[in-house]
Amino acid sequence: MTGESAKIIDGKAIAKKLRAEYHVRVERLRDQHGVTPGLAVILVGDSAASQSYVRSKIAGCREVGIRSELIELPATATEAQVLEQIERLNDDPQTHGILVQLPLPAQIRVASVLERISVAKDVDGFHLYNMGGLVTGSTVFSPCTPYGVQKILEHENIPVEGRNVVVVGASNIVGKPTALMLMQQDATVCICHKKTRDLGQFTLLADILVVAAGVPNLIVPQMVKTGAVVIDVGFNRLADGRIVGDVDFEGVRRKASYITPVPGGVGQMTVTMLLHNTILSAERAATATVSPFPLRTTA
């Protein structure tokens, strides 16, 4: 397939379809078990970006029928104050998911906070148990952005098994978990990062190229194999206010078979998978048939 016929993947449309399905699941939980899924979000400080992200998560909850609780703490909050809120939510049977919006102020250790969240309510998938479980395929909840990438590939019927996948970016939030999740589907995966030499020699081998480096226009057409699937997870605000990804979209779309736009691609899926994980947690709690450490997530 040539670039002129490359399909632009509409993440917003996929998210809308999934959210409609999730709304039905929420209604079923209410009707059959009298349970309304609940998500609690802890926001520390007054970062405009964090506030924007939290608003989108709460709006998503409203759309599918999840009850949301926002706990706002000042930027001067101590680690003990944050942990106290987490403990309260861990013990609250009406709270099925707990999310601490990152980044946190310097006085609060992120690892300490994330490890305090109950694994059974870690709907962001950042607890050490969930991150480690990606190696064996035994996570309780998959991290939301990598899960969104996986769902996009599934929705577009793009085969992963046996394909060469190159992930550009080795973060704990996106790059590494994406690579591990695709390895579980029998892809051959290569992870590149900021110290990779001659990046293009790796990206040219990719049947599926996932880019999450945080560098505008890092991937240009000569670095992409004709017919490759390109998933752009980057989100960069330029000096002129424009939002762009990590891929030269107009150039690469002429070579790719599928490509995600920025905005309107993977970003739409991240919150959607958070909603999925929260509903899944509520379903597990309602049926009480699954231990806090089940073998794998289900769609």
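All of the numbers you see were taken from the coordinates with simple rules; none came from a lab. Note that the structure is a prediction, hence the values are computed from the model and not measured. As a convention, Cβ positions derive from the backbone with ideal geometry for all residues, glycine included, and neighbour counts pool all protein chains shown.
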All-pairs alpha carbon distance profile, the range 104-207, 5 Å steps from 0, percent: 2, 12, 20, 21, 18, 12, 8, 5, 1, 0
The chain - Debye-derived log10 I(q)/I(0), Cα point model, q = 0.09, 0.12, 0.13 Å⁻¹: -0.44, -0.79, -0.92
Pairing the Cα long axis of helix 267-287 with the longest principal axis of the chain, what angle in degrees results, from 0 to 90 and rounded to the nearest 10? 40
Suppose R0 equals 25 Å; then what is the FRET efficiency for Gln94 and Val215 from their Cβ-Cβ distance, rounded to the nearest 0.05? 0.05
Based on the Cα atoms of the range 143-267, what semi-axes does the equivalent ellipsoid have, where each is the square root of 5 times one gyration tensor eigenvalue, given in whole Å with the largest first? 20, 16, 15
Any idea what angle helix 11-33 forms with the longest principal axis of the chain, computed on alpha-carbon atoms, 0 to 90 degrees, nearest 10? 20
Kirkwood calc, the range 34-121, C-alpha pairs only, radius in angstrom 13.3
Residues Gln81 and Asn157, FRET efficiency given R0 of 45 Å [Cβ-Cβ distance, rounded to 0.05]: 0.40
Distance in Å, no decimals, from the C-alpha centre of the range 150-171 to the one of the range 61-110 is 32
Can you figure out the FRET efficiency of Val119 with Asp240, using R₀ = 41 Å and their beta-carbon distance, to the nearest 0.05? 0.40
